[in-house]
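Below is one structure, written out as structure tokens; the observations come after it.
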Amino acid sequence: MKNVLRKLVPDTTALLLRLLLGGIFVYHGSNKLVTFQEQLPYFPDLIGIGAKTSFVLVIFAELVCGALVALGLFTRLSVIPIVFTMAIAFFIAHANDPFAQKELAFIFLLLSIVVFASGSGKYSIDQFIFKKS
């Protein structure tokens, strides 16, 4: 029984983390996409590539990459844009804010790094496609 739990817990934890993180980002990205025209005038150009381009890249990271992370498809590659988005949110967009205001970006950044480090786990499309024989 101990051996079963020892194998089940890490893979189940990876699945739950991926579903939680990916689902949250899909939710936020879909909200940004639906309200694109309303939010665009208020979205800042933080890294010098234009506000519209930045906003589109944030939506891509949150919606598309979030869905891929939740599915466990190209997980490590898909989480990289999320890491960049959260790093920019924490270190640049909220640089002068008190920690309480940027705390969520920090948590998402750390969780994204954990997903990158741990990979998709056994219960993922990555495992099905790239299964080592």
request  = Out of the residues in the stretch 1-32 that are exposed (fewer than 15 other Cβ atoms within 10 Å of the Cβ), modelled with pLDDT of 90 or more and hydrophobic (A, V, I, L, M, F, W, C), state the one that is nearest to the chain's Cα centre (by Cα).
outcome  = Leu20
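Yes/no matrix, rows are residues, columns are (1) farther than 19 Å from Leu16 by Cβ; (2) at pLDDT 95 or above; (3) crowded, with 17+ Cβ neighbours inside 10 Å:
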position: Phe60; (1), (2), (3): yes, yes, no
position: Leu63; (1), (2), (3): yes, yes, yes
position: Ala67; (1), (2), (3): no, yes, yes
position: Phe106; (1), (2), (3): yes, yes, no
inquiry  = Any residue in the stretch 35-51 that is aromatic (Phe, Trp, Tyr) sitting within a Cβ distance under 7 Å of a residue that is assigned to a helix (DSSP H, G or I)? List the pairs, counting only those 6 or more apart or interchain.
reply    = Phe43/Ala51; Phe43/Ser54; Phe43/Phe55
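Within the stretch 19-133, considering only helices (runs of 4 or more DSSP H) that don't extend past its boundaries, which have at least 1 residues that are of a type in the set (Gly, Ala, Ser)?
Values: elements: 36-39, 51-59, 66-71, 75-88, 99-118, 125-129.
By residue number, 51-59, 66-71, 75-88, 99-118.
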Residue in the stretch 87-105 that is under 23 Å from Thr12 (Cβ atoms) and either of a type in the set (Gly, Ala, Ser) or touching a helix residue (DSSP H, G or I) at 6+ places or on another chain (Cβ under 6 Å) (or both) present = no
message = Anything in the stretch 41-84 that is touching a Pro at 6+ places or on another chain (Cβ under 8 Å) and within 18 Å of Leu104 (Cβ to Cβ)? List them, or say none.
response = Ala61, Cys65
message = If the requirement is being under 11 Å from the mean Cα position of the chain (by Cα) and more than 18 Å from Leu17 (Cβ to Cβ), which of these qualifies: Phe84, Phe91, Phe116?
response = Phe84
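The values are calculated or read from the model by the stated rules, or taken from the named source; none is laboratory data. As the structure is a computational prediction, the values presented were derived from the model and not from experiment. In this analysis, Cβ positions are derived from the backbone assuming ideal geometry, glycine residues included, and neighbour counts consider all displayed protein chains.
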